[in-house]
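So the structure is just underneath, and the comments pick up after that.
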Amino acid sequence: MSTYRDFTAPIGSRRATALRTVGTRERRSLLTAPRVPTVGIDIGGTKVMAGVVDADGNILEKVRTETPDKSKSPKVVEDTIAELVLDLSDRHDVHAVGIGAAGWVDADRNRVLFAPHLSWRNEPLRDRLSGRLSVPVLVDNDANTAAWAEWRFGAGRGEDHLVMITLGTGIGGAILEDGQVKRGKYGVAGEFGHMQVVPGGHRCPCGNRGCWEQYSSGNALVREARELAAADSPVAYGIIEHVKGNVSDITGPMITELAREGDAMCIELLQDIGQWLGVGIANLAAALDPSWLSVGRPGSRPPTTC
Ligand SMILES: [Zn+2]
């Protein structure tokens, strides 16, 4: 696989040379300069999205690709990121790259300690990519980046105690005080999805039982629908017919769509998810006393706020 420099046209090479000659202070000033385009990367379990963003948070261009298979080496994902940055650099004068990764990022924001959907284990992503791209690279957990964007540009702009929940296949989260992400000792604070809400409840991939995300997430929705369908429950006849008996074909978006069409089981499953969401949010409110709480989807649409 080629590297960024292999791909880079003469313009990129000149920029790389220029960036290598500036000191740390000047590089920092590039990050805070008022009109410098940067690339934001979101690495999820199924897709990698990249967008060029200006200093006002406007997205100038977006590109996306499938996340390489999790069995492949971390370098394959790294190559994918480099290619996306290169592609955007052809059309924009990119000066820095920020990466939101669905995983645990260490307190130094260099290593991805663990990513459940990727093969990263203690991977020094920032150092590897900044070496290849020759521009400053920042790495953080995707919920932290979503929360900061919400605080900087979104509905929670300027809120001094902002809590963010990212609701997707699991539940991520972040805590911001005065625009600063609260990271905890090892950098992994905000893993709200693994708060235990049902002692002895459903097993979670984290190894524990009864985690919040086992009751209020896309995975929970699909698990419940498949269980009912597999048991040939009369309430599931609608969705069984929809997938022609192939229970494993049931997906979260399908359940949502059927609920919109009036399917009683799908409506009830979504109501259950909503109730459990309320339980967890009430616990977060009691523990963290936020001035603002946003619920968003990781790496996609703007969040809704409650
Ligand atoms: Zn868990």
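The set of residues from region 182-233 being out of contact with any Gly (no Cβ under 8 Å at 6 or more places or on another chain) and within 16 Å of Gly278 (Cα to Cα) comprises His194, Ala220.
Residues that are assigned to a helix (DSSP H, G or I), out of contact with any His (no Cβ under 8 Å at 6 or more places or on another chain) and aliphatic (A, V, I, L, M) within region 241-255 comprise Val247, Ile255, listed in sequence order. Quick check: anything in region 170-182 farther than 27 Å from Asn58 by Cα, assigned by TED's automatic domain parsing to the domain that holds Ser291 and surrounded by fewer than 16 Cβ atoms within 10 Å (Cβ to Cβ)? Looking for residues that are farther than 27 Å from Asn58 by Cα, assigned by TED's automatic domain parsing to the domain that holds Ser291 and surrounded by fewer than 16 Cβ atoms within 10 Å (Cβ to Cβ), one finds none in region 170-182, hence no. Only residues that are assigned to a loop (DSSP other than H, G, I, E, B) and either hydrophobic (A, V, I, L, M, F, W, C) or under 16 Å from Val53 (Cβ atoms) (or both): list them for region 115-156, please. Within region 115-156, Ala115, Leu118, Trp120, Val135, Pro136, Gly154, Ala155 meet the criteria. Looking at this structure, is Gly158 surrounded by fewer than 16 Cβ atoms within 10 Å (Cβ to Cβ), more than 16 Å from the ligand (Cβ to nearest atom), in the same structural domain as Gly280 (by TED's automatic domain parsing) and among the small types (Gly, Ala, Ser)? It is true that Gly158 is surrounded by fewer than 16 Cβ atoms within 10 Å (Cβ to Cβ), more than 16 Å from the ligand (Cβ to nearest atom), in the same structural domain as Gly280 (by TED's automatic domain parsing) and among the small types (Gly, Ala, Ser). Residues satisfying the criterion are absent from region 196-209 (criterion: surrounded by fewer than 20 Cβ atoms within 10 Å (Cβ to Cβ) and away from the ligand (no atom under 15 Å from the Cβ)). Against the list (1) in contact (Cβ under 8 Å) with a residue 60 or more places away in the chain; (2) at negative phi; (3) loosely packed, with under 12 Cβ neighbours inside 10 Å, the condition Asp289 fails is (2).
For Phe153, the criteria (1) in contact (Cβ under 8 Å) with a residue 60 or more places away in the chain; (2) farther than 30 Å from Trp276 by Cα; (3) among the aromatic types (Phe, Trp, Tyr) hold in every case but one, which is (2). Answer with yes or no whether Gly238 is surrounded by fewer than 17 Cβ atoms within 10 Å (Cβ to Cβ) and outside any helix (DSSP H, G or I). Here the answer is no, as Gly238 does not meet what is asked.
The values are calculated or read from the model by the stated rules, or taken from the named source; none is laboratory data. In this text the structure is predicted, and so the values were computed from the model without any measurement. FYI the Cβ positions are ideal-geometry reconstructions off the backbone, even for glycines, and counts take in every protein chain you see.
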